[in-house]
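Some notes on the structure that comes next.
The values are calculated or read from the model by the stated rules, or taken from the named source; none is laboratory data. Everything numeric in this text was worked out from a predicted model, so none of it was measured. Using ideal geometry, Cβ is built from the backbone for each residue, glycine included, and neighbour counts are taken over all protein chains shown. Areas reflect the complete protein model, heavy atoms only, side chains present, ligands, DNA and RNA absent. Shrake-Rupley method; radii C 1.70, N 1.55, O 1.52, S 1.80 Å.
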Amino acid sequence: MGALGLTLLPSLISKGAPSDRLRIAHIGLGGMGNQHMEWFAALPDVEIVALCDVDQDHLSSTLAKLKALQPDSKATGVEDFRRLLDRKDIDAVTIATPDHWHAQIATLAFQAGKDVYGEKPLSYDIREGQVLLKNLNKHNRIFQLGTQIHAGDNYHRVVEIIKSGAIGNVHTVRLWKTGFSPGLGNPKIQTPPKTLNWDMWLGPAPYRDYFPERCHFTYRYFLDYSGGVFADFWCHIADVVWWAVQPKGLKSVVARGEKTGEVADAPKWLDADYEFENLKLYWTTNPPDVPGASERGIGAYFEGDKGTLICDYSTKSITINGETVEDLPGVSQTITRSPGHQQNFVNAVKARTQPESNLNYARDMTLPMHLALISWRLGGRKLEWNAAKEKFKGDKEANEFLSRKYRKEWDLL
Ligand SMILES: NC(=O)c1ccc[n+]([C@@H]2O[C@H](COP(=O)([O-])OP(=O)(O)OC[C@H]3O[C@@H](n4cnc5c(N)ncnc54)[C@H](O)[C@@H]3O)[C@@H](O)[C@H]2O)c1
């Protein structure tokens, strides 16, 4: 049945009757996890059956929020996500933990027969992306990356216009995101709160003593867990480039940047130059010196041989022969509009087809972000990349960054 795409969801089997409700558990209940819960709670064909967090305060407050939204909810809360993977009445999980947990949880979920809606970035390193893809295919699972802007009409329209050839062959793209990663001062080590399982929060990352800045939300400014503003925003804007232009055959990357200088160690800012077979791609912290960029805090500027297109999440303008317009009515609609990022995932799970931000796509799009961080960590060394082998050419030190060593007790893969 799997080969025919007719795999039945466990919950449908256990109910023994046709039902189109997908049973979901949410893992990681901070800012984004609460957003997941609210988004999925609003879908008619979803039942939220469980919530999970290593912080009891986050678990109980999100459970209370869910019960306020759905007074009949029977959802239960757990601290250890592995207890959810054991359950036969859960079809899919969403993951909104910090980045260093994404791939381990998603891989174990695939192995347990669950589909996954997982937050960006896809993984902490390159090897984790490879492990995820292998397990997705082996276990015939569905995956959607949580880049919800992908579902908006603006990106669909930008892609249509670029793919129509209206601005010609795109040879260069400039991406930017303004704003610095904060240094977070020099906080003192504290005893972790009794309500937080700090050892499990750290999980596969190296053991570190606790202070609050290392934990909720601001973890993203530590290299043990993420990569600062650059890693936080890459996927949201690189997404439109991978969809519209499909950069292929990455050849080299070189990154420049500055350390925050306080306790946080992710780059305060990072700029990177990439050379692909079919494209030159630049990431900068300051907007590039092109029309319309300084008005946008984040953006993509596509340079084609017939014109240019600049966009952010919700706006775009196209310049051809010196004339700037907001749309090209002559370009017809060729891409089906999304029913919403979460509904797109739910529909894909039911149909056993991969959704728009599927794992293959997400992995290709995320990989260059990791490589720029490695170049920066190596002092801005230009790195040559073998795209077929997914290894740096002749650079043992750089290759060591492609896969992190997990803490022994939290190496779950
Ligand atoms: N798609 C978007 O627009 C968007 C926006 C914000 C954040 N994100 C992503 O969402 C993820 C979470 O970000 P955030 O800002 O919500 O962080 P956060 O610190 O607010 O929340 C993370 C939660 O995960 C919990 N957690 C940690 N380890 C866990 C584990 N092993 N099992 C269960 N729970 C665990 C933490 O206790 C915390 O409650 C990040 O990967 C981030 O990149 C995406």
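Using just the Cα positions, wrap segment 234-332 in a convex hull and report its mean projected area in square nanometres, one decimal place. Please list the in-between numbers first.
Numbers: hull surface 31.7 nm².
If you wrap the Cα atoms of segment 234-332 in a convex hull and average its projections, you get 7.9 nm².
For the chain, the 222 nm mean residue ellipticity estimated from helices alone, with every DSSP H stretch of n ≥ 4 adding -39500 (n - 2.57) and the total spread over all residues, rounds to -9500 deg cm²/dmol. Approximating the spin labels as points 7 Å out from Cα along Cα→Cβ, the ASP199-to-ARG381 distance works out to 3.7 nm.
Taken over segment 280-398, the ratio of Cα radius of gyration to 2.2 N^0.38 Å equals 1.39. Computed from the alpha carbon atoms alone, the convex hull of segment 27-149 holds 101 Å³ per residue. Computed with a 1.4 Å probe over protein heavy atoms only, the accessible surface of the chain comes to 42 Å² per residue. Dipole magnitude of the chain about its Cα centre, charges +1 at Lys/Arg Cβ and -1 at Asp/Glu Cβ only, in debye to the nearest 20? With only Lys, Arg, Asp and Glu charged at Cβ, the dipole is about 980 debye. Given the pairs LYS88/LYS405; LYS188/LYS259; LYS120/LYS268, which span a C-alpha to C-alpha distance of over 23 angstrom in this model? Result: LYS88/LYS405 exceed 23 Å. Relative contact order of segment 284-402: what whole-number percent is it, with Cα pairs under 8 angstrom and at least 6 residues apart? After rounding, I find 8 percent. SER317 sits with roughly 20 Å² accessible to a 1.4 Å probe, with DNA, RNA and ligands left out of the calculation.
Its relative contact order, with pairs defined as Cα atoms under 8 Å and 6+ residues apart, puts the chain at 19 percent. Listed peptides 232-240, 149-157 appear in the order 232-240, 149-157 once ranked by packing, highest mean of other Cβ atoms within 10 Å at the front. Proximity of backbone amide H atoms, modeled 1.01 Å from N, is registered between ARG23 and GLU47, ASP91, ALA92 at under 5 Å, excluding neighbours fewer than 5 places apart on the same chain.
Between VAL325 and SER60, residue separation times 0.36 nm minus the direct Cα-Cα distance comes to 90.4 nm. Computed from the C-beta positions of LYS188 and ARG208, the FRET efficiency with R₀ = 22 Å rounds to 0.95. Cross-link partners of LYS177 among aspartates and glutamates, defined as those whose alpha carbon lies under 16 angstrom from its own and excluding same-chain residues fewer than eight positions apart: ASP232, ASP239, GLU258, ASP271, ASP273, ASP289, GLU295, ASP312. Computed from phi, the 3J(HN,Hα) profile of segment 129-141 under the Karplus parametrisation 6.51, -1.76, 1.60 (θ = phi - 60°) reads x, 5, 5, 4, 5, 4, 6, 4, 5, 4, 9, 6, 9 Hz, with x in place of Gly and Pro.
Of the solvent-accessible surface of the chain, computed with a 1.4 Å probe over protein heavy atoms with every protein chain present, carbon and sulfur atoms account for 51 percent. Couplings 3J(HN,Hα) for segment 99-116, derived from phi with the Karplus relation 6.51 cos²θ - 1.76 cosθ + 1.60 (θ = phi - 60°), are 4, 5, 9, 3, 6, 5, 5, 5, 5, 5, 5, 4, 4, 8, x, 9, 8, 9 Hz, where x marks Gly and Pro. What's the center-to-center distance, using Cα atoms, between segment 332-394 and segment 173-229 in Å? Going from one Cα centre to the other spans 24 Å.
Mean projected area of the convex hull spanned by the Cα atoms of segment 126-199, taken over all viewing directions: 11.0 nm². With the highest mean first, a sort of the peptides 320-327, 274-281 on other beta-carbon atoms found within 10 angstrom per residue produces 274-281, 320-327. In a reduced charge model with +1 at each Lys and Arg Cβ and -1 at each Asp and Glu Cβ, segment 89-227 shows a dipole moment near 300 debye about its Cα centre. Scaled to the globular estimate 2.2 N^0.38 Å, the Cα spread of segment 265-308, given as radius of gyration, is 1.33.
When the Kirkwood hydrodynamic radius is evaluated over all pairs of different C-alpha atoms of segment 106-252, what value in angstrom, to one decimal, is obtained?
Averaging 1/r across every pair of different Cα atoms and inverting gives 18.4 Å.
Volume of the convex hull of the chain (Cα atoms only), normalised per residue: 150 Å³. Other residues lying with their Cβ under 15 Å from the Cβ of ILE167 contribute a combined charge of -1, Lys and Arg counting +1, Asp and Glu -1. Between ASP411 and SER294, the contour length at 0.36 nm per residue exceeds the Cα-Cα span by 37.7 nm.
For segment 171-296, the spherically averaged projection of the C-alpha convex hull amounts to 9.7 nm².
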